[in-house]
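Worksheet for the structure shown next.
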Amino acid sequence: MNIIETTGLVKDYPLGKTTVHAVRGIDLAIAKGDILSIIGPSGSGKTTLLNLIGCIDTPTAGRVKIGDTDVTALDDRRVTDLRLHRIGFIFQTFNLIPVLTALENVEFPMLLMKHHSRAEIRRRAQQLLEDVGLAEYVQHRPAELSGGQRQRVAIARALVTDPDIVLADEPTANLDSVTGASILDAMREMNAKQQTTFIFSTHDANVLKYAKNIVKIKDGLIAREA
Amino acid sequence: MRLIATIAWRNLFRHKGKSLIIGAILFLGALLMTAGNGVISGMDAGLQRNIVEGFCGDALLVSDQQESDNVFLEMMGKPVAPINNYKAIDSALHGMPAVAKWLPMGKNFVLALNEDGGMADGLFALGVDYDRYRAFFGDNLRLVQGAFPQQGGPFVLIPTGWRKQMGEFYGVLYTPEGQPPDTATLSPAIRKRLSEMSLRQSAVYMGMNADNSTTDVRVPVKAVVKYRSLNTIWGNFPIIDIESYRQCLGYFSAAAQTATVKQSNLDLFAASDASLDDLFGATDLVASHGGGRPAAVLGAGSLAGGREMARPAVDLDAGTYNMVLLRLRGSRVLDQAVRSLNRELEARRLGVRAVTWKKATGMIGSMAVLIKGALFVFVSFLFLIAIIIIINTLSMAAIERTPEIGMMRAVGARKGFIRWMFTAETGVLAAVFGGAGIVAGVAAVEVVATLRITSENDMVQLLFGGDTFRPLLTAPDIVLAVLQLALVTLLAVIYPLRVAGNITPLDAVSRD
Ligand SMILES: Nc1ncnc2c1ncn2[C@@H]1O[C@H](COP(=O)(O)OP(=O)(O)OP(=O)(O)O)[C@@H](O)[C@H]1O
Ligand SMILES: [Mg+2]
């Protein structure tokens with residue numbers, strides 16, 4: 001069963017008087033429980049594709065289906081709730097809430113869900129921060145963390161809600177190989193246990209080792225599916 | 001929601017500069033609004049106290065024939081209609097428990113004649129029985145020079161405002177009988193020209209009768225007085241004994257009602273009046289008005305020449321008045337009390353109606369409302385500027401925080417969450433700083449009120465609503481300030497909320 005399907009996905013960005021065709025018609029079917037790597041040269045449209053799949057950008061043409069839902073037809077509130085409950089996002093440029101501690105940042109989406117008790121939220125957030133090796137840093141504000149540490153907080157935040165899909169744009173770009181590997185191991189475990197679907201964009205050959213499937217894109221089109 | 005509160009609270013400290021700017025504006029606005037309202041409420045209360053207790057009572061009865069309610073201060077108005085049935089009114093008032101005490105009074109426009117030449121100036125004269133006036137108002141008049149009238153007989157009490165007017169414009173200086181001018185209480189302009197002043201120990205007033213004829217009376221100056229407060233306004237209202245007043249206005253005097261006067265006597269009186277005019281050298285002036293039938297002056301003989309004669313014991317209340325001042329009992333809202341009074345009066349068919357002091361004093365009565373309105377406009381203007389600054393600052397803050405907000409949206413925060421977060425931030429600022437402003441305003445008003453600042457200056461007294469500055473804040477004033485603050489916050493936050501709400505997750509991602 002496919003958890004994600006895109007058909008004829010197109011994204012144009014107006015840029016001054018010209019138009020940038022970032023994605024030019026991508027059909028993709030991703031099965032539940034997949035670990036998919038999207039690779040391609042810089043500027044080929046990886047981030048754009050992830051944004052479209054992750055419902056934080058709307059396509060110029062074509063559709064995105066998450067499960068049985070055609071997300072392109074949803075209003076803002078439904079799309080937001082879908083992001084909250086089903087998708088975890090790890091951005092290429094990692095953003096945290098500056099006024100919240102690492103722990104509170106991880107708790108943030110869970111608090112928005114309003115499904116869990118505060119104690120449970122705290123316990124889970126604490127656990128995830130330990131998993132990414134930040135047990136010592138739970139009370140630090142983002143400004144007091146290194147780039148890699150922030151990236152790890154963002155990863156913990158993406159995983160905390162137990163999403164069906166985790167989208168990660170170059171998740172290991174800022175991490176040393178040991179930390180990167182430990183995080184990827186954790187993700188693979190989650191995938192095995194909970195059938196969580198992972199989609200990475202990456203240049204990193206180490207990441208590719210974890211992938212079950214690889215899609216290569218070039219100039220906004222799928223070049224080769226492996 | 002605790003999450004929103006936490007984020008909002010910490011953001012206030014993170015963006016200290018912005019918080020302080022907005023906070024300072026809100027503080028100032030709230031402070032000005034509250035303190036200003038305190039001053040005006042104090043003025044309102046002061047005016048009310050001083051006008052009610054020192055000049056015209058809570059309400060007054062006027063004739064149904066009287067068109068305008070503003071019987072005291074209508075400058076170009078028609079004469080105040082006469083009331084000829086005071087006795088019936090008096091007995092009716094005895095049966096009205098809502099009325100604590102009352103004072104019948106005459107009030108109309110008269111001309112003060114200058115005996116040196118044809119010059120005359122108009123003013124409002126009050127006609128009263130002094131003892132009753134005193135009983136009604138207590139010590140609302142301060143003696144500047146002379147003595148208050150002891151027994152009956154004609155008198156005029158000249159207020160300082162009028163003495164100044166006549167001195168500075170006509171070179172006529174009134175002094176009480178048998179006394180030299182009291183230089184200490186004179187205006188510098190008069191003091192300088194003291195030797196040129198024509199000293200007068202009596203005043204001559206000419207009244208316009210209903211039939212356009214005129215009569216003049218001479219009354220001895222018993223005292224120069226000052227109204228204890230608001231002398232600026234009342235300083236042009238000399239107080240004349242009621243019988244002289246009636247003669248002046250051509251009304252039925254009590255004496256005439258008591259003793260039936262023969263027509264021949266009437267003629268005599270008219271003649272003596274004409275000779276009085278000759279005496280003043282103002283014949284031309286009087287003649288121009290006197291084209292009608294001879295003035296129906298009754299009992300004027302006793303006055304001609306300004307001699308003071310013991311009047312026969314007469315029933316003053318048989319004569320004409322213009323109004324009956326009332327003090328009311330109980331704490332009912334004045335308008336309501338007057339309405340129910342009017343129902344009662346109507347049922348008794350007395351031909352009079354009750355008017356509140358506010359309506360009877362026109363502009364002055366509504367001055368506090370007017371100034372309150374002006375302050376409201378001023379503070380609203382201030383708040384408008386505040387709103388613009390706050391909108392600007394908050395919108396900038398929203399744009400500045402685009403990555404952070406977009407990211408919140410990306411991980412699942414709804415627009416509503418972002419809006420609440422912004423509202424909470426502004427709301428906390430408004431509550432803390434605006435609240436402090438209101439508290440500071442209240443404190444300032446309380447402190448100033450306990451200082452009991454007093455002023456002898458007439459204009460300042462007007463602003464104080466009396467001789468003491470007693471700013472006052474009522475609960476509705478404070479509630480109004482709080483509501484206004486809330487409104488300002490709401491208005492200021494609408495546009496920034498749109499800006500913040502429209503930030504998309506993509507805005508966060510596509511930037512570094
Ligand atoms: N907001 C935007 N406005 C205009 N052009 C854009 C915008 N976002 C992306 N693009 C363009 O779309 C194309 C695809 O960009 P995208 O970020 O998807 O590339 P990428 O594969 O993620 O590259 P990288 O590996 O460097 O992250 C690029 O040419 C980029 O310049
Ligand atoms: Mg990219």
Exercise for the section: Please label the shape of segment A:39-106 as rounded, prolate or oblate, based on the square roots a ≥ b ≥ c of the eigenvalues of the alpha-carbon gyration tensor (a/c under 1.5 means rounded; beyond that, a/b larger than b/c means prolate, else oblate). Expected result: oblate
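Rounded, prolate or oblate, given the Cα gyration tensor of segment A:2-225, with a/c below 1.5 counting as rounded?
The shape class here is prolate.
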Fill in the blank from the handout: Note to self: C-alpha centroids of segment B:117-161 and segment B:76-108 sit apart, in Å, by 19
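With every protein chain left in place, what is the accessible area per residue of segment B:1-156 in square angstrom, probe 1.4 Å? Intermediate values should be presented prior to the final figure.
Numbers: 6220 Å² over 156 residues.
Solvent-accessible surface per residue comes out at 40 Å².
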Problem - GNM result for chain A, Cα springs below 10 Å: residue of A:Lys11, A:Lys212, A:Lys46 fluctuating most strongly - result: A:Lys212
Practice task
Ignoring ligands, DNA and RNA and using a 1.4 Å probe, state the total buried accessible area between A and B in Å², rounded to the nearest 100.
Solution key: 2500
Problem - Occluded residues from segment A:79-94, i.e. those whose accessible area drops by 10 Å² or more once the chain is not alone (1.4 Å probe) - result: A:Thr80, A:Asp81, A:Arg83, A:Leu84, A:Phe89, A:Phe91, A:Thr93
Exercise for the section: With both partners inside chain A, how many of the DSSP beta bridges are antiparallel, as a percent to the nearest 5? Expected result: 55
Exercise for the section: Take the alpha carbon gyration tensor of segment A:165-217, find the square roots of its eigenvalues, order them as a ≥ b ≥ c, and report rounded if a/c is under 1.5; if not, report prolate when a/b exceeds b/c, else oblate. Expected result: oblate
Practice task
Kindly list the residues of segment B:19-47 that lie in the label zone of B:Leu375, defined by a backbone N under 17 Å from the point 7 Å along the Cα-to-C-beta vector.
Solution key: B:28-47
Fill in the blank from the handout: Per residue of A:97-103, other chain Cβ atoms within 10 Å number on average 5
Practice task
Summarise the accessible area of segment A:1-112 (1.4 Å probe, protein heavy atoms) by the percent that is carbon and sulfur.
Solution key: 51
Exercise for the section: Using a 10 Å cut-off on Cβ to Cβ distances, tally the other chain neighbours for every residue of B:411-420 and report the average as a whole number. Expected result: 6
Exercise for the section: Arrange the residues B:Ser331, B:Ser187 by how much accessible surface each exposes, largest first, with a 1.4 angstrom probe. Expected result: B:Ser331, B:Ser187
Fill in the blank from the handout: Karplus ³J(HN,Hα) for segment B:40-55 (6.51 cos²θ - 1.76 cosθ + 1.60, θ = phi - 60°; Hz, whole; x = Gly/Pro) runs 6, 4, x, 5, 4, 5, x, 4, 4, 4, 6, 6, 5, 7, x, 9
Practice task
Could you go through segment B:13-22 in sequence order and give the Karplus-derived ³J(HN,Hα) for each residue, using 6.51 cos²θ - 1.76 cosθ + 1.60 with θ = phi - 60°, rounded to whole Hz, and x for Gly and Pro?
Solution key: 7, 5, 10, 4, x, 4, 4, 5, 4, 5
Practice task
Mind giving me the FRET efficiency for B:Ala436 and B:Glu400? R0 is 25 Å, r the Cβ-Cβ distance, nearest 0.05 is fine.
Solution key: 0.45
Problem - Entries of A:Lys32/A:Lys65; B:Lys226/B:Lys359; A:Lys65/B:Lys415; A:Lys17/A:Lys218; A:Lys32/A:Lys193; B:Lys87/B:Lys358 with Cα pairs more than 21 Å apart - result: B:Lys226/B:Lys359; A:Lys65/B:Lys415; A:Lys17/A:Lys218; B:Lys87/B:Lys358
Exercise for the section: Would you please name the trypsin sites (Lys or Arg not before Pro) within segment B:408-482 that are DSSP coil residues with at most 16 other C-beta atoms within 10 Å of their C-beta? Expected result: B:Arg452
Problem - Span from the segment B:365-381 Cα centroid across to the segment B:383-399 one, whole angstrom - result: 26
Handout entry: Beta bridges per DSSP with both ends in chain B, % antiparallel, nearest 5
Key = 80
Practice task
Go ahead and set up a Gaussian network model of chain A, Cα springs under 10 Å, then flag whichever of A:Arg152, A:Arg124, A:Arg78 fluctuates most.
Solution key: A:Arg78
Handout entry: B:Leu382 accessible area, assembled protein chains, probe 1.4 Å, Å²
Key = 50
Fill in the blank from the handout: One finds the C-alpha centres of segment A:1-51 and segment B:404-483 to be spaced, in Å, by 55
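The values are calculated or read from the model by the stated rules, or taken from the named source; none is laboratory data. Since this is a predicted model, take the numbers as computed values, not measurements. Cβ: placed from backbone, ideal geometry, glycine included. Neighbour counts: every protein chain shown. These accessible areas exclude ligands, DNA and RNA; they are computed on the full protein's heavy atoms, side chains included. Shrake-Rupley method; radii C 1.70, N 1.55, O 1.52, S 1.80 Å.
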